Number of protein chains: 2
Amino acid sequence: MATDRTRTAILNAAERLYAERGFSDVTLRDIVAEANVNLAAVNYHFGSKDELIAELFVTRSIATNRERLSELKAVEDAGGGRAPIESVMRALVGPTLRGCLGPDRQRSTAARFMIRASIEAVPPIRKIRNREISHLRRFAAAMRRSLPGCPDVDIYWGLHFALAMAHQTIRDSERLDKLSEGLCDLNDVDGIINRVVTASVLALTQRPSAATARAQRA
Amino acid sequence: MATDRTRTAILNAAERLYAERGFSDVTLRDIVAEANVNLAAVNYHFGSKDELIAELFVTRSIATNRERLSELKAVEDAGGGRAPIESVMRALVGPTLRGCLGPDRQRSTAARFMIRASIEAVPPIRKIRNREISHLRRFAAAMRRSLPGCPDVDIYWGLHFALAMAHQTIRDSERLDKLSEGLCDLNDVDGIINRVVTASVLALTQRPSAATARAQRA
DNA sequence: TTGCATTTCAAACAGTTGTATGAAACTATC
DNA sequence: GATAGTTTCATACAACTGTTTGAAATGCAA
């Protein structure tokens, strides 16, 4: 269908601009200029600006989740249904970090768009975001399998902290770069993933009580 | 001066609204309605909307930094110039977490405003934010004193991860609450601070390199 | 009180936003 | 090739944004 060319041109332009500048700074006129289509095309093909954003978010959300879950499934299958906790956490934070950091040509606008969506929480997205919760629950379940006996509350905090470190690294990479005067290499994506995974696993396996006891001994 | 009443009314209303709804969703008309002053008052007293935001940010930024540094100084003085790393990290994340979480009556709009400022990064703020870097360097220096021999790159990553966990907990407390179905108690501020501090210290002291060094000694 | 500076106010301004309209251009079917 | 349906386009619209204006009100010293 030749008519879909306009649709996809709008979607691509919108995703690129939103990923770069955020939702509040991008107007419909910016998008249609970038896509080389007429202003009215957005309302004709998507109904409204909000519906465009929503469609973009749903599409990319499904894709991202599929990527994470396929990586999770791979490591769990390899371990006969139970993966080491390192691998589970890597499946959780790896795809997004790889998509957002590293050399330019490897970055995906999709991943950076999703980070924007998680930051700005614009109304049309906020309504749909509840799906993510059920998606994260599947990771919580996998973590429980990897760490039998670990209290649920610690599982959730560990999951939360892992995402926190990954997202903040993407979001504020500039500050970290300035603060460390380039010492923290933000192009070394594998190194970053290792740091996030290691810190997450430590927080999960060295329970607070045990950790403080050890710290007091020292 | 009786004339300052309008100024402070505007500042308070703006801070409250920005903290609640974010910058992009609050207009000058919202602010003057909340402050019960005339629309032109903002431009008369502050020059422009951006200058209002900037003044707000500078004021609150100084206050927050002072609070953190006084807590840091207290623990360092108590230890003769060198505080345990737990105390340093606690001084870093404690004030903000206490100001943003916990029961309503204890929350400060100032702390929540600062979180908004760190999230949305609106132009008038982005220009000033570089000051924060030099402020964080003083914490990096304190961490170095607490952990002699710890490589600088690990200090910076530890500092970054600590702020990441604290900020994300504030920003996305709703998701964590839903995900854990209330299991993670977001009113237990001291418990949260302990978790963040513990996880940060673990990441700093049980680094992969440190672990191998310990193993090699053994 | 008089006179001057400061502060408030209603109204209007120019610019931008998302959306709607109706005619034109196109596409495919008969 | 005429026709019906789809898609594009320039243009207009109403709503909202931050800012400005000039007159009215207020405060305060002489």
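The values are calculated or read from the model by the stated rules, or taken from the named source; none is laboratory data. Just so it is clear, the structure is predicted and the values come from calculations on it, not from any experiment. Ideal geometry is used to build each Cβ from the backbone, glycine not excepted, and the neighbour counts take in all protein chains shown.
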**Message:** A:Ala117 - would you say it is within 14 Å of chain B (Cβ to nearest Cβ) and either touching a helix residue (DSSP H, G or I) at 6+ places or on another chain (Cβ under 9 Å) or away from DNA strand D (no atom under 16 Å from the Cβ) (or both)?
**Reply:** yes
**Asked** Name the residues in the range B:151-163 that are free of Cβ contacts under 8 Å to residues at least 40 places away in the same chain and surrounded by fewer than 18 Cβ atoms within 10 Å (Cβ to Cβ), would you?
**Response** B:Asp152, B:Val153
**Fill in**
Over the range A:146-201, the set of residues at positive phi and small (Gly, Ala, Ser) is A:Gly149, A:Gly182
**Prompt:** B:Thr64 fails exactly one of the following numbered conditions: (1) away from DNA strand D (no atom under 13 Å from the Cβ); (2) of a type in the set (Ser, Thr, Tyr); (3) more than 22 Å from the chain's Cα centre (by Cα). What is the number of that condition?
**Reply:** (3)
**Prompt:** With respect to the numbered conditions (1) within 16 Å of DNA strand C (Cβ to nearest atom); (2) within 17 Å of the chain's Cα centre (by Cα), which one is the sole condition not fulfilled by A:Glu55?
**Reply:** (2)
**Odd one out for B:Asp104 among (1) acidic (Asp, Glu); (2) within 16 Å of DNA strand D (Cβ to nearest atom); (3) under 30 Å from A:Val122 (Cα atoms)** = (2)
**Request:** Please determine, by comparing only the residues of the range B:128-150 that are surrounded by 14 or more Cβ atoms within 10 Å (Cβ to Cβ) and assigned to a loop (DSSP other than H, G, I, E, B), which one is nearest to the other protein chains (Cβ to nearest Cβ).
**Result:** B:Arg129
**Message:** Tally up the residues in the range B:16-38 that are more than 7 Å from DNA strand D (Cβ to nearest atom), crowded, with 17+ Cβ neighbours inside 10 Å and more than 14 Å from every other protein chain (Cβ to nearest Cβ), please.
**Reply:** 7
**Yes/no for B:Ala13 being more than 8 Å from DNA strand D (Cβ to nearest atom) and modelled with pLDDT of 95 or more** = yes
**Asked** Just checking, how many residues over the range B:164-178 are surrounded by fewer than 20 Cβ atoms within 10 Å (Cβ to Cβ) and at the interface with chain A (Cβ under 8 Å from one of its Cβ atoms)?
**Response** 3
**Asked** Of the residues that sit in the range B:39-87 and are without any contact (Cβ under 8 Å) to a residue 12 or more places away in the chain, farther than 24 Å from B:Ile133 by Cβ and assigned to a helix (DSSP H, G or I), which one is nearest to the other protein chains (Cβ to nearest Cβ)?
**Response** B:Ala78
**Message:** So B:Thr6 ticks every box in (1) surrounded by 13 or more Cβ atoms within 10 Å (Cβ to Cβ); (2) away from DNA strand D (no atom under 15 Å from the Cβ) but one. Which box is left unticked?
**Reply:** (2)
